[in-house]
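A short worksheet on the structure shown next.
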Amino acid sequence: MIATQNLTLRFGKRALFEDVNIKFTPGNCYGLIGANGAGKSTFLKILSGEIDASSGEVTKTPGERMAVLKQNHYEFDDYEVIKTVIMGHSRLFEVMEQKDALYAKPDFSEEDGMLVAELEGEFAELNGWDAESEAAGLLTGLGIPNEMHDKKMAELEGNMKLRVLLAQALFGNPHILLLDEPTNHLDLDSINWLENFLADFRGTVIVVSHDRHFLNQVCTHIADIDFGKIQLYVGNYDFWYESSQLLCSCNATPTRKKKKRLKIWSSLFAALVLTPLNLSRLRHGRNYSIRSPLTILSPLTANIPMLLSRPIEKQAKTS
């Protein structure tokens, strides 16, 4: 879980964010949307700690590991591709480096042996024995052939470097995943692979993307940045758009016609929430239910009847 409390970011007199209170919980994928310049990438940087807020705070569950899709293509030029991916789990990589350095010492002492034993235990706990095979699987899924895995990052073209950095973010099963434009420079096969990966991911995902189809496939929620605030909606991108249009329409519609429009919209809701991501969670036996965005949208909620919440399992049976 990661959340913000009264978060504000100011540049001079301009407030990019002001008193933002929002919580992102495990098992959900949040699409962060907004106009150009609204602060989508900046908000991710605040969550990751790369940028400090002017006031307020960011909190996450103690002990949870966060992974971020890095944007610097040249940061890892001196490292092999496979090693760059494993560096996504900083503690695991640190243990591996310490272990290798001790084993390489010509004057290996008894004290070194005790330290190596401790490192070997932690290495096993961090699933280190499977690290290279996991990294290779991520690279292959993202379209990077085996012959490139042992090359230096500097030898790769820019689009391939981006794929390696994406694999790095996905590596090691992080609890919180922050992805800024993850589908850039991916082909359709790689995008489909990423969609399936996120469908099975059990942690918290917050993603910025201009790819509407991708957001529809992976998102359980939409977080809309507008006028310095972030409003959370349940559903994918199309569901957010349709519900927003409905509310705008209802605002200018006589009360008698609202019920008719809401009946049509209710059917749309039942169809849209059954995204491949939600269906995957149903197949994995998750107790997953979705509420109508009309329960949290403003300012019309006082005038619109609340749609009943239905577990996704019941929706699937009636669809």
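Against the list (1) in contact with a helix residue (DSSP H, G or I) (Cβ under 6 Å, 6 or more places away or on another chain); (2) crowded, with 17+ Cβ neighbours inside 10 Å; (3) of a type in the set (A, V, I, L, M), the condition residue 136 fails is (1). Taking the conditions exactly as written (touching a Leu at 6+ places or on another chain (Cβ under 6 Å), outside any loop (DSSP other than H, G, I, E, B), in contact (Cβ under 8 Å) with a residue 60 or more places away in the chain and not polar (S, T, N, Q)), does residue 198 satisfy them or not? In short, no.
Going by the structure shown, is residue 113 under 25 Å from residue 131 (Cα atoms) and in a helix (DSSP H, G or I)? First the steps, then the outcome.
Numbers: under 25 Å from residue 131 (Cα atoms): yes; in a helix (DSSP H, G or I): yes.
Answer is yes for this residue.
Do any strands (runs of 3 or more DSSP E) lying entirely in the range 1-81 carry at least 3 residues that are in contact with a helix residue (DSSP H, G or I) (Cβ under 7 Å, 6 or more places away or on another chain) and in contact (Cβ under 8 Å) with a residue 60 or more places away in the chain, and which ones are they?
On the way: elements: 2-11, 14-24, 29-34, 55-60, 66-68.
Because the criterion is at least 3 residues that are in contact with a helix residue (DSSP H, G or I) (Cβ under 7 Å, 6 or more places away or on another chain) and in contact (Cβ under 8 Å) with a residue 60 or more places away in the chain, the strands (runs of 3 or more DSSP E) in the range 1-81 that meet it are 29-34, 66-68.
Select from the range 10-52 the residues that are of a type in the set (Lys, Arg) and either touching a strand residue (DSSP E or B) at 6+ places or on another chain (Cβ under 8 Å) or loosely packed, with under 14 Cβ neighbours inside 10 Å (or both) and list them in ascending order. Correct list: 10, 13, 14, 23, 40.
Every number in this text was worked out from the coordinates using simple rules, so none of it is lab data. These numbers come from a predicted model, not from an experiment. In this analysis, Cβ positions are derived from the backbone assuming ideal geometry, glycine residues included, and neighbour counts consider all displayed protein chains.
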